[in-house]
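Following: one structure in structure tokens, then a few remarks.
The values are calculated or read from the model by the stated rules, or taken from the named source; none is laboratory data. Here the structure is a predicted model, which is why all the values come from computation and not from measurement. Don't worry about glycine lacking a Cβ; one is built from the backbone with ideal geometry, like all the others, and counts go over all protein chains shown. The area values use the complete protein model at the heavy-atom level, side chains included, leaving out ligands, DNA and RNA. Shrake-Rupley method; radii C 1.70, N 1.55, O 1.52, S 1.80 Å.
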Amino acid sequence: MNESKLDEPTDESIQHLRLKANEYLLREQWDQSIQAYSQFISICQTRSNPNLQKPFCLAFSNRAEARSKTRDFDGAIRDCDEALKIENTHFKTLMCKGKILMNLDRYSKALNCFKIANLDNPSSVEAETRNGCLEKCKKLESLSRNGGFDLSNWVINGFKGKLPELAEYVNSLEIKKSEISGRGLVAAKNLEMGSLLLVTKAVATERGILPESKIEDLGENGENAQMVMWKSFVDKVVESALKCKRTKFLVSMLSVGENEGSLGVPDINVFGPELEQDFSVLDGEIDVGGILSILDVNSLVEETFSSKFSGKNGCEYHGVGLWVLASFINHSCNPNAKRYHIGDHVVVHASRDIKEGEEITLGYFDVFTPLKTRKEMAKNWGFDCHCKRCKFEVDISSKHEMGEIEMGYEIGVDVGTMVYKLEESMKRWMVRGKMKGYLRASFWKVYSELFVSEKLMRKWGRRVPMMEAVVESVVEAVGGDERVLRVVVEGMKKSGGGGLVEMEKVMKLGRGVFGKVMKKQALRSIIS
């Protein structure tokens with residue numbers, strides 16, 4: 001007998017292999033499932049048995065599901081397309097492909113899959129699943145066009161429960177050469193305080209919780225924990241780039257921190273998930289060293305406030321992630337935007353009014369601190385800040401009185417005395433407009449302590465500016481901040497205010513801090 005005939009799989013062995021692959025899938029053993037389905041598909045491709053057509057189609061569909069679970073979305077979509085070549089209305093495959101496309105924020109194509117996926121006699125579960133996906137995709141597609149996000153219910157519930165459904169969204173923004181550094185995002189029209197600028201999902205994130213102790217108090221253990229987190233994060237980015245050519249392409253467009261001036265300026269539409277592009281030129285190995293350089297420059301750290309929106313209250317929460325489009329936003333000590341994180345999405349909104357042509361900027365660190373502290377923090381980030389505010393404060397720091405004020409801040413001189421000296425000095429120096437707001441923001445800590453103390457306000461009230469005037473100048477200069485908002489709310493409570501005019505002022509400040517993604521009731525629940 002021919003030996004090749006002896007080695008050829010029998011119908012029984014083929015059936016056993018298919019059942020084993022199904023078993024792996026049910027047990028969520030994704031890699032084993034992919035391997036078994038691959039063997040089954042390879043056998044089917046060598047045979048012309050019509051009885052294998054339906055199992056052949058299902059094998060591609062199931063392998064697509066397993067691949068999607070390992071985030072191999074490119075491979076999963078290829079498998080779906082192969083299954084649909086065999087049966088173009090295969091319900092399971094269309095649902096699988098639609099979910100993958102929806103996860104990749106390609107809403108139009110996902111909608112098309114869900115619309116086609118319509119069984120002649122669907123079960124109630126199948127019909128409910130299909131209709132649920134269809135409605136969810138319609139909602140996300142609408143949000144991606146109009147940016148009509150509303151986080152009110154989630155906020156009112158104390159950031160608990162299921163995270164809000166977010167879609168990729170970009171307002172009227174452009175990528176241009178930046179006067180600050182390299183390339184930046186620029187407003188293509190006038191944008192009001194609180195306006196949503198962009199919502200985008202991370203390529204990868206890594207998060208950890210260090211209870212009770214702060215990282216700096218953990219010494220070597222804290223550094224080790226951060227290193228473990230960083231390594232895991234890098235591995236996730238590399239894996240994402242390996243499994244998705246589009247991700248590899250987008251990450252490759254980011255700066256490595258050198259030769260910024262020679263970098264090309266991409267059209268912002270390139271980053272749109274719906275845009276069809278040929279990424280075949282990106283075949284080949286991943287440059288891990290290049291990705292490390294990119295992550296050093298472009299990663300964003302999740303802050304304490306961000307952790308509240310991620311549902312990590314009450315812990316020392318630390319996170320890092322890569323959000324490609326948000327990486328084009330440069331730092332400024334007089335920023336016009338704020339960000340926070342919800343799940344794997346970053347949400348960026350205008351913290352003050354932004355004019356057409358103005359670059360979008362964020363504070364990479366706390367900008368409500370004196371110049372000396374900000375310079376140290378910028379150094380830790382690996383750059384020197386030369387924004388308008390820093391240039392102004394560098395010039396003003398040469399004055400003798402400013403040296404005394406800074407020293408008083410460091411040793412803890414009476415806050416009323418400090419505010420009085422600073423305000424009187426600004427009068428003598430003829431400091432006006434935003435410049436006044438810059439200095440007030442730098443010493444906001446002493447202003448806030450003064451304004452919330454009834455005793456100190458009785459003592460200094462007539463010799464220092466009114467809280468409203470200080471707040472207005474600070475917000476105009478460096479944008480909204482939660483600490484400023486708290487002081488205003490506290491002052492309103494103590495004065496017995498709370499009328500319509502006062503509340504509208506508070507709501508306006510709240511929109512600068514939290515954005516126009518929640519209604520008044522939700523804002524009140526945060527600031528009350």
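Take the residues of region 433-444 that are touching a residue at least 60 places away in the same chain (Cβ under 8 Å) and either charged (D, E, K, R) or in contact with a Pro (Cβ under 8 Å, 6 or more places away or on another chain) (or both): which is most open to solvent (accessible area, probe 1.4 Å)?
Result: Lys434.
Can you find, within region 146-177, the residue that is most open to solvent (accessible area, probe 1.4 Å) among those that are farther than 26 Å from Val324 by Cβ and outside any loop (DSSP other than H, G, I, E, B)?
Ranking the candidates gives Asn153 first.
Considering region 241-259 alone, what residues qualify as being in a helix (DSSP H, G or I), open to solvent by less than 30 Å² (accessible area, probe 1.4 Å) and touching a residue at least 60 places away in the same chain (Cβ under 8 Å)?
Leu250, Val251
Do we have Asp31 as closer than 25 Å to Lys245 by Cα and surrounded by fewer than 15 Cβ atoms within 10 Å (Cβ to Cβ) here?
yes
With respect to Asn51, determine if the residue is open to solvent by 20 Å² or more (accessible area, probe 1.4 Å) and modelled with pLDDT of 90 or more.
no
Just checking: which of the helices (runs of 4 or more DSSP H) contained wholly in region 314-431 hold 3 or more residues that are within 30 Å of the chain's Cα centre (by Cα) and of a type in the set (S, T, N, Q)?
Those helices (runs of 4 or more DSSP H) do not exist here; none qualify.
Being out of contact with any Pro (no Cβ under 8 Å at 6 or more places or on another chain) and in contact (Cβ under 8 Å) with a residue 40 or more places away in the chain is the filter; apply it to region 415-432 and report the residue that is surrounded by the fewest Cβ atoms within 10 Å (Cβ to Cβ).
So the residue we want is Tyr420.
So, of the residues in region 100-129 that are touching an Asp or Glu at 6+ places or on another chain (Cβ under 7 Å) and part of a loop (DSSP other than H, G, I, E, B), which turns out to be nearest to Ile77 (Cα to Cα)?
Arg106
Looking at region 97-109, can you tell me whether even one residue there is among the aliphatic types (A, V, I, L, M) and more than 18 Å from Gly272 (Cβ to Cβ)?
No, region 97-109 has no match at all.
Would you tally the residues in region 76-126 being among the acidic types (Asp, Glu), modelled with pLDDT of 90 or more and surrounded by 14 or more Cβ atoms within 10 Å (Cβ to Cβ)?
Final tally of qualifying residues: 4.
Criterion first (free of Cβ contacts under 8 Å to residues at least 60 places away in the same chain, open to solvent by 80 Å² or more (accessible area, probe 1.4 Å), outside any loop (DSSP other than H, G, I, E, B) and closer than 24 Å to Glu401 by Cβ) does Arg458 satisfy it?
Here the answer is no, as Arg458 does not meet what is asked.
Among the numbered conditions (1) modelled with pLDDT of 95 or more; (2) closer than 25 Å to Val155 by Cβ, tell me where Ile342 comes up short.
Going through the list (1) modelled with pLDDT of 95 or more; (2) closer than 25 Å to Val155 by Cβ, Ile342 breaks only (1).
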